[in-house]
1. Look through 56, 21, 34 and report the one residue that is more than 19 Å from the chain's Cα centre (by Cα), at pLDDT below 50 and not assigned by TED's automatic domain parsing to the domain that holds residue 372.
2. For segment 338-361, name all the residues that are part of a strand (DSSP E or B) and of a type in the set (Asp, Glu).
3. Enumerate the pairs (first residue in segment 392-403 and touching a residue at least 40 places away in the same chain (Cβ under 8 Å); second residue anywhere and assigned to a loop (DSSP other than H, G, I, E, B) and of a type outside the set (A, V, I, L, M)) with beta-carbon separation below 6 Å, excluding pairs fewer than 6 apart on the same chain, so at least 6 apart or on different chains.
4. Where residues in segment 212-240 are surrounded by fewer than 17 Cβ atoms within 10 Å (Cβ to Cβ) and acidic (Asp, Glu), which of them is modelled with the lowest pLDDT?
5. Could you list, in sequence order, the residues of segment 364-423 that are in a strand (DSSP E or B) and closer than 18 Å to residue 326 by Cβ?
6. Check whether at least one residue in segment 56-67 is more than 24 Å from residue 215 (Cα to Cα), part of a loop (DSSP other than H, G, I, E, B), touching a Leu at 6+ places or on another chain (Cβ under 8 Å) and in contact (Cβ under 8 Å) with a residue 60 or more places away in the chain, and report yes or no.
7. Looking only at strands (runs of 3 or more DSSP E) that fall completely inside segment 170-255, which ones have 3 or more residues that are closer than 14 Å to residue 147 by Cβ and without any contact (Cβ under 8 Å) to a residue 60 or more places away in the chain?
8. Quick check on this structure: which one of 179, 183, 158 is surrounded by 24 or more Cβ atoms within 10 Å (Cβ to Cβ), polar (S, T, N, Q) and on the phi < 0 side of the Ramachandran plot?
Amino acid sequence: MAAHRARRWSLGGSALLVAAAFTFITAGPSADRADAAPAPAALTWSDEFDGPAGRAPDPSKWTLETGGSGNGNHELQYYTDSTDNAALDGNGNLVITARKNTDPHLKCWYGTCQYTSARLNTARTFTQAYGHFEARIKVPRGQGMWPAFWMLGNDLGTVGWPHSGEIDIMENVGHEPRTVHGTVHGPGYSGGGGIGASYTLPNGAAFADDFHVFAVDWTPESITWSVDGIAYQTRTPADLGGNRWVYDHPFFLILNLAVGGDWPGSPNAGTAFPQTMTIDYVRASTSGGSAENGGTTRTGAVKGIGGMCVDVAGASTADGTPIQLHDCTGVDAQKWTLGNDGTVRALGKCLDVRGASTADGTPVQLYTCNGTKAQQWAHTSGRDLTNIGADKCLSTRGSSSADGTPLQIRTCTGAADQKWTVG
């Protein structure tokens, strides 16, 4: 266990929390899923950091935090939004650079800041619950360096830390050049009480010598950490000593390079500056799997009563677009993916129960994927398509099979208008 800090969030970070697209939740017991062959993971978000040298990180993907609060850990850096501290290198990498500060106007919690660096998050642009998250990173070297690749819950701004949850995918402190740490923090197990483990490179190698891939595989029941594909720990609710497992909602990604702090200590005379954290890529995907663990993915037309197809009205991608029955034509508005994450998707958005209502007759619609239970579905062996949030079945209005009939949720009765086949 890494007994290292009280917290890593900042007020600036919590202010950035907004709803984000492409959020994935696993729904329903595997016993209710139709059998299928193992499914590959599907990439849901990535940044390969391609672009000319000196360009800032893509603002459609990353927000650069600023400030010198110390982030609850007495860190010494001031986080800037300057390309002096975070920029592409022109070779497909993002480079976060920690420098000695030369600006007397930059103020930190302890006075004039000694160092500058960068911290980036996806709170405004991307959150996801469950799946595979990885980054290929070359860490800096030296006493006082503290690079990290980690995640915070998207409800940080409302419930606060640690109730929002924190998943540290990789942390390294400079006085441990061969070792990285993976940790979870939540209510009753935060700061020095975080639950985790470490991984040490063999043969005396240091993580700063080369790139390494740091990853977690996160399901509703467990989180597994790996380095270069080698799993080194798994945590489940049973590891929390009765405390609450808060890893049941979307999280956002963070990359940062801190200087100093309670855990790594301050740089010393042997620490050279500037120091760099080089990131080749960051990727998120759904987890692959098999019917044995609930991981199935199927794509095709969803056909119901009268052989009619589930269709996005007008092939519109606007939030709130009604879902209807329509003659099967093979258009993209009728191509649905039932994923191993519990979503049912077409045109890049999710099948959603309007207003997250549980009432009979509530219409279903196309909506930006947001990880709520209104977007969790289970296709049972009896061919019901059940919404997990409402515990009700996808049905046609008035049991009709007419072209243009709106779809809705209704108490499951086994009626013909509640039976659906995929593909």
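The values are calculated or read from the model by the stated rules, or taken from the named source; none is laboratory data. This is a predicted model, so every value here is computed, not measured. Ideal geometry is used to build each Cβ from the backbone, glycine not excepted, and the neighbour counts take in all protein chains shown.
1. Working: 56 fails: at pLDDT below 50; 21 fails: more than 19 Å from the chain's Cα centre (by Cα).
None of the others qualify; the one that does is 34.
2. Initially, segment 338-361 is screened for residues part of a strand (DSSP E or B), giving 338, 344-346, 349-353.
Matches in segment 338-361: 352 only.
3. 396/405; 403/327
4. 221
5. Correct list: 364, 365, 366, 385, 394, 395, 396, 406, 407, 408, 421, 422.
6. So far as segment 56-67 goes, no, none of its residues is more than 24 Å from residue 215 (Cα to Cα), part of a loop (DSSP other than H, G, I, E, B), touching a Leu at 6+ places or on another chain (Cβ under 8 Å) and in contact (Cβ under 8 Å) with a residue 60 or more places away in the chain.
7. Values: elements: 179-185, 195-200, 212-219, 222-227, 230-235.
Because the criterion is at least 3 residues that are closer than 14 Å to residue 147 by Cβ and without any contact (Cβ under 8 Å) to a residue 60 or more places away in the chain, the strands (runs of 3 or more DSSP E) in segment 170-255 that meet it are 179-185.
8. On the way: 179 fails: surrounded by 24 or more Cβ atoms within 10 Å (Cβ to Cβ); 158 fails: surrounded by 24 or more Cβ atoms within 10 Å (Cβ to Cβ).
Within the list 179, 183, 158, the selection yields 183.
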